[in-house]
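Here's the structure, in structure tokens; my notes come after.
No lab work stands behind these numbers, since they all come straight from the coordinates. Since the model is a prediction, treat every value here as computed from it, not as a measurement. Here Cβ is always computed from backbone atoms with ideal geometry, including for glycine, and neighbour counts include all displayed protein chains.
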Amino acid sequence: MNKDVKNAEENRTNKKEISRRSFLLGSTALAATAGVLAATAIPGVAKAAELGYKVNYEKGKPGQWSMLKPEADYGGINVNYVNNNKEWLGSTQIVGEISKFRQYDGGFNRALRNELGPKAKYGILRFDFRRYPLATGTATVQNNLVTLCEGKPAQDKLPIPDPEKMSMNIKDVAYFLNADEVGIGLTPEFAPWETMVTDKPGMIAGKPYEEVCKPNVVSAATHPYTICVSVDKHLETFLGSTGYDGIANSQSNRATMMLSGIVTSIAAYIRALGYEAVASHQGKEYVIIPPVAIASGLGEQPRVPQGVAHPRLGFRHMIACVSTNLPLAPDKPIEFGAKDFCRVCKKCAQTCPAQAISYDDDEIVHNGYKRWDFNLDACIHFRAENEEGVCCAQCMKVCPWNSKEDSWFHKAGIAIGSTGRTSSNLLVKIDDMFGYGTEVIPRFKWWLDWPELYKIKIPTNN
Amino acid sequence: MGIFLVFLAGALFVAGIIYIMLPKAKSGKKWLTVINWVLYVVFFLDFWTGVSFIYLNAGYSHAKAVSVAIFVFMGSAVVLGLILARFLGFLGGKSKVKGVSLSE
């Protein structure tokens, strides 16, 4: 190993410098200082002290994950805690300046502006409206919770526990609200959108950028912590699905229905404590989800760059988040061998109906960081224009990390697969031998089909 | 069902141990005794790993996984079982009771 590579490796894993415990303590001190500064800067705090509010709580054990889940559940895999610094975000290498994105330039927004053709535009416009009735139903909650993402914090700040205990409390709240996983991270500077689309109908109607977008209210400076919450997209439904049939979009909408309720509630809870909090979910996202999820220790960036692979759930989950200035003790990003596994597996690339996923062994530099190449336009085209169903989740369905029920042999397989290239190769071969991922199991196909509705109707005056 | 299978596995494991320790299954040769015990443990682990794998996969209707597991785990268990049976004197061994002529 040459010196540069060794230095980069040490910088990434930081093995010789900081343990998880000392990192937590350091973060706690930093967060406490930030909390004190924030508290003294906001009017009304003195009034809260005058009112004599007290908080009663029991401290957990040092390093405890939460009260409800004392240990983080990584599915039996040994996880390394790695860095969130200028050179590494978890196992993702940062090689230059990462410029912030405008939400306006996102794939679906470009499709809605007709830049990918009328079929893509009208395919997306009707995603949640009558192309599949259940998608309409499941999208209702997130669409109606959009107005509750932001809000003003209570004037009188309540006293709160130390940041480590407060983090445990936030995690317990998330589990109490039915989250499958939760993590807290430092908000990367490049994660919040630079500007947000605030007038979607206007954008679709062709109004210029300046009229339909506004600067983002969330930034790493104003909201230094991100609470990321994840909900499983339902294994049995994946097992019964082709991956891109009628239910595909409803799977995302179902997870977002739950997530939008969870993150909106957590944000409102934090505001009731007297701190700033903004909820982001599929209905209204203030931040780009993968970087904040990686920063929160929810996983690594897999071959499909929109996903975040969790050790236990793979990337078969949706993530939403809360950006806040509530003093918290952030978790560290994690590494468990997903990059090594994705390097050799390529099952998602082989089965992608749009052939949007790269077969390359090595990552490329994209906007200042390393990831596998990805043809976003091809992906959006297929998801928008698919007439065998609505949208697509084939990559999630076939991923060997994703397509399994909870059992001892899948845990053993993943533990073996996370240990290096040779074992990853072995795991992929065993996965293929047993037919996992690509099978469609009829008894789990519980949903109804209206194939005529999947056909995209383009208005004649378009 | 799972609990019953665990109970059955335990009962059969004990039964196998008792059988191998019976005087009629003893060969008198140390190396053969060691092979018998090693084969028994490997056979037992292979067979019950297979049963567990098939049971759990059948629960989720993983048809290919079940059929491959039957072939791999049960196939190897049958081979190991036959070798063990031969070593324990079940198969192919000479009868210890000499024939008695009925005409005498």
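Quick check: the angle from helix B:30-59's long axis to the longest principal axis of chain B, C-alpha only, nearest 10 degrees? Taking Cα atoms only, the helix is inclined about 30 degrees. A DSSP coil position with no more than 11 other Cβ atoms inside 10 Å describes the following trypsin sites (Lys or Arg not before Pro) in the stretch A:70-128: A:K86.
Rounded, prolate or oblate: which fits the stretch A:124-172 when a ≥ b ≥ c are the square roots of the eigenvalues of the alpha-carbon gyration tensor, with rounded for a/c under 1.5 and prolate only if a/b beats b/c? Before the final figure, lay out the partial values.
On the way: a/c = 5.30, a/b = 2.52, b/c = 2.10.
Taking the square roots of the gyration eigenvalues as a ≥ b ≥ c, the stretch A:124-172 is prolate.
Computed from the Cβ-Cβ distance with R0 of 51 Å, the FRET efficiency linking B:I70 to A:L51 stands at 0.15. Using Cβ point charges alone (K and R +1, D and E -1), the dipole size of chain A about the Cα centre works out to roughly 260 debye. Charges were assigned to the Cβ only: +1 to each Lys and Arg, -1 to each Asp and Glu. The resulting dipole of the stretch A:294-400 about its Cα centre is roughly 340 debye.
Pairs of C-alpha atoms in the stretch A:311-462 farther apart than 20 Å represent 62 percent of all such pairs. The C-alpha atoms of chain B define a longest principal axis, and helix B:2-21 lies at about 20 degrees to it. Under 18 Å from a label point set 7 Å out along the Cα-to-Cβ vector of A:L158, the amide N atoms of the stretch A:168-183 belong to A:168-177.
Span-like helices, chain A: DSSP H, alpha-carbon axial extent 30 Å or more, mean Kyte-Doolittle 0.5 or greater, which ones? Display every interim value, and only then the final one.
Details: long enough: A:20-41 (31 Å, 0.97); A:248-273 (38 Å, 0.47).
Helix filter hits for chain A: A:20-41.
Rounded to the nearest 0.05, what FRET efficiency is calculated for A:K455 and A:K214 with R0 set to 41 Å and r the Cβ-Cβ distance? Write down the numbers at each step before the final one.
On the way: r = 36 Å, r/R0 = 0.89.
Using R0 = 41 Å, I get an efficiency of 0.65.
The ellipsoid that matches the Cα gyration tensor of the stretch A:54-178 has semi-axes, each √(5λ) in whole angstrom, of 38, 24, 18, with the longest given first.
Approximating the spin labels as points 7 Å out from Cα along Cα→Cβ, the A:E115-to-A:S407 distance works out to 4.6 nm.
Suppose R0 equals 25 Å. What FRET efficiency, 1/(1 + (r/R0)^6) with r the Cβ-Cβ distance, do B:L5 and B:R86 give to the nearest 0.05?
Values: r = 27 Å, r/R0 = 1.10.
After rounding to 0.05, the efficiency reads 0.35.
By the count of neighbouring beta-carbon atoms within 10 Å, fewest first, B:V68, A:V365, A:V82 end up ordered A:V365, B:V68, A:V82. Its Cα gyration tensor gives chain A an equivalent ellipsoid; the semi-axes, largest first and in whole Å, are 34, 29, 21.
The mean sequence distance of close C-alpha pairs (under 8 Å, at least 6 residues apart), as a share of the length of chain A, puts its relative contact order at 22 percent. Stretching the chain fully between A:N178 and A:T140 yields a gain of 11.8 nm (0.36 nm per residue, less the alpha carbon separation). Number of Lys-Lys pairs in the stretch A:235-385 with C-alpha atoms under 21 Å apart and a separation of 8 or more places or on different chains: 5.
Calculate the mean, over all residues of peptide B:59-66, of how many other protein chain Cβ atoms lie within 10 angstrom of the residue's Cβ.
Working: counts 2, 11, 7, 9, 3, 7, 8, 2.
Average per residue, whole number: 6.
Projecting the Cα atoms of A:I227, A:P118, A:I357 onto the charge dipole of the protein assembly as shown, computed from C-beta unit charges around the Cα centre, puts A:I357 farthest toward the positive end.
Rg and Dmax over the alpha-carbon atoms of the stretch A:281-386 stand at 14.8, 45 Å. Helix B:75-87 and the longest principal axis of the C-alpha atoms of chain B enclose an angle of approximately 20°. Rounded to whole numbers, the Karplus 3J(HN,Hα) couplings from phi for the stretch A:320-327 are 10, 8, 10, 9, 8, 10, 4, x Hz, using 6.51 cos²θ - 1.76 cosθ + 1.60 with θ = phi - 60°, and x at Gly and Pro. When the Cα positions of A:P330, A:W401, A:S418 are compared along the charge dipole of the stretch A:283-429, A:S418 comes out farthest toward the positive end, with charges on each C-beta of Lys, Arg, Asp and Glu. The longest stretch of chain B left intact once loop-based trypsin sites (Lys or Arg not before Pro) with at most 14 other Cβ atoms within 10 Å are removed from consideration, loops following DSSP, is B:30-93.
Given the DSSP H assignment, sum -39500 (n - 2.57) over each helix run of at least 4 residues in chain A and divide by its residue total; what's the result at 222 nm in deg cm²/dmol, nearest 500? Write down the numbers at each step before the final one.
Numbers: 19 runs with 184 residues, N = 462.
The per-residue figure over chain A is -11500 deg cm²/dmol.
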